[in-house]
Amino acid sequence: MIDRDAGWVARAAGAKLSAGAPAAGGPARAVVDSREAGPGDLFVGLRGERADGGEFAARALEAGAWGALVTPDHAGGREGAVVLAAEDPLAALQSLAREWRRELGAKVVGITGSTGKTSTKDILAALLAPQLRTHANRQNLNTEIGLPLSILEAERGTEALVLEMAMRGEGQIAELVGIAEPDVGVIVNVGPVHLELLGTVERVAGTKAELVRDLRPGAACVLPASEPLLDAHRREDLDTWTFGPGGAVSLVSFEGGRAEVEARGELLELQPSFDEPHNLLNMLAGAAAARALGVRPEGPVEPAFSAMRGEIVALASGVTVVNDCYNANPMSMRAALSYLARSPAQRRMAVLGQMAELGPDAASYHRDVGRHASEQGVDVLVTVGREALPYADGFDGEVHSVGEPEEAAGLLDELARPGDRVLIKGSRSVGLERVLS
């Protein structure tokens, strides 16, 4: 709930109050889909390539929305509703979110990385929640549109904002930093993602490092100890925490669900509800961010991981499925396959869709992942889609190739036996969640 009046909302957004009383109470949240708009909502009509969202403002207001933020040509009012007019509604939305972030006075952590940033966000939120009233992005609200929507969902009294920051190209992390103004910036890792746009991993590192570049002097940053591509982007005027082997925050031991973590000479005792090596590393990044905020985490760490990210599904047939089909890149694929290899099972199967946006060397990256699956002892590989066929070129075991996720579902019904463990993973565009539908 934005507990400021309509006049404040208009000023914060840099918009004109075209209709409604300046003293009217503020909205509960902002939405950009008129179908989701209801009582208490501020509908923001964004311009798209195919449509102008302002055209749907009347529908949102008829559904009882608190108000609408639209371009001046769509600023016709409805009795009792607030209408804000701005030439660029997206910029107005971002400005409103930045002012609300300042109004809250909460500590802000921005998290980016080539893989694992969502899990790190979920883990950090769990580390902070016992001591601070914490708000984190829902699902994929991590873009130039989603991040301001997420900030505007935070309620008065929020003490910590944990914000995942996604990027597809240069300048996008900088845009998000300008909205969120983080006190701590976390880069989980750097790897071969978005190569169709950026070309090289070095440019990926430079784009992720916009987070470090644009932090205010005296802020803190958290970086992987083993990533030399970020060395050139360090700043002397930041409090830099490194994590992982050889870092300022490292895992001393992990046994029986108990982890001992050393953080700049201080011993932290944590009890994570997960045991995947990549998530234990993400936990170290989260612990570093927590300590940078002055929070000393301890005890149980039980994050509510976002959907389709390593979600365990036990089928009635006795087959266990690891639903990790929200996204994929070479780093996350190798980590997921390695964890599959260490998991107890009669047989281990992998249903893999393509890793998108890898550029001209995409086939090579897919072959390498297939080779890694073979080295890890995966018993059966199912490739989904034409772009995923190169996985099979690097795999020595039993291979099946299908065109669509629905075909993979039918094939699994035939192949999988009680006691088998199946990993389902691919880029979001493949739609591998349909294997389980």
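Here are the numbers:
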| read-out | value |
| --- | --- |
| Entirely in the range 33-87, the strands (runs of 3 or more DSSP E) that have 1 or more residues that are assigned by TED's automatic domain parsing to the domain that holds residue 13, closer than 17 Å to residue 20 by Cα and of a type in the set (Asp, Glu) | 41-44 |
| Checking residue 429 against (1) polar (S, T, N, Q); (2) modelled with pLDDT of 95 or more; (3) not in a loop (DSSP other than H, G, I, E, B), the condition it does not meet | (2) |
| Of residues in the range 335-358 being part of a loop (DSSP other than H, G, I, E, B) and among the hydrophobic types (A, V, I, L, M, F, W, C), the one surrounded by the fewest Cβ atoms within 10 Å (Cβ to Cβ) | 345 |
| Long-range neighbours under 7 Å by Cβ, at least six apart or interchain, first residue over 9 Å from residue 106 (Cα atoms) within the range 148-164, second outside any loop (DSSP other than H, G, I, E, B) and among the basic types (Lys, Arg) | 151/101; 152/29; 153/29; 162/121; 164/117; 164/121 |
| Any chance residue 399 is surrounded by fewer than 23 Cβ atoms within 10 Å (Cβ to Cβ), of a type in the set (A, V, I, L, M), in contact with a strand residue (DSSP E or B) (Cβ under 9 Å, 6 or more places away or on another chain) and on the phi < 0 side of the Ramachandran plot | yes |
| Qualifying residue in the range 130-137 (condition: outside the structural domain of residue 213 (by TED's automatic domain parsing), of a type in the set (A, V, I, L, M) and surrounded by 23 or more Cβ atoms within 10 Å (Cβ to Cβ)) | no |
| Residues being under 20 Å from residue 55 (Cα atoms), of a type in the set (A, V, I, L, M, F, W, C) and in contact with a Lys or Arg (Cβ under 8 Å, 6 or more places away or on another chain) - total across the range 11-44 | 3 |
| Residues located in the range 275-299, provided they are at pLDDT 95 or above and not in a helix (DSSP H, G or I) | 293, 294, 295, 296, 297, 298, 299 |
| All positions within the range 329-377 that are touching a Gly at 6+ places or on another chain (Cβ under 7 Å) and of a type in the set (Asp, Glu) | 368 |
| Residue 332 surrounded by fewer than 18 Cβ atoms within 10 Å (Cβ to Cβ), in contact (Cβ under 8 Å) with a residue 40 or more places away in the chain and closer than 22 Å to residue 433 by Cα | no |
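To keep it simple, each residue is scored yes or no on (1) farther than 11 Å from residue 423 by Cα; (2) under 21 Å from the mean Cα position of the chain (by Cα); (3) at pLDDT 95 or above.
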residue: 316; (1), (2), (3): yes, no, no
residue: 365; (1), (2), (3): yes, no, yes
residue: 368; (1), (2), (3): yes, no, yes
residue: 378; (1), (2), (3): no, no, yes
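Condition check ((1) acidic (Asp, Glu); (2) assigned to a strand (DSSP E or B); (3) more than 24 Å from the chain's Cα centre (by Cα)) across all residues:
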site: 221; (1), (2), (3): no, yes, no
site: 229; (1), (2), (3): no, no, no
site: 235; (1), (2), (3): no, no, yes
site: 241; (1), (2), (3): no, yes, no
site: 253; (1), (2), (3): no, yes, yes
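The values are calculated or read from the model by the stated rules, or taken from the named source; none is laboratory data. Because the structure is predicted, anything quoted here is derived from the model rather than measured. So basically every Cβ, Gly included, is an ideal-geometry build from the backbone, and we count neighbours across all protein chains shown.
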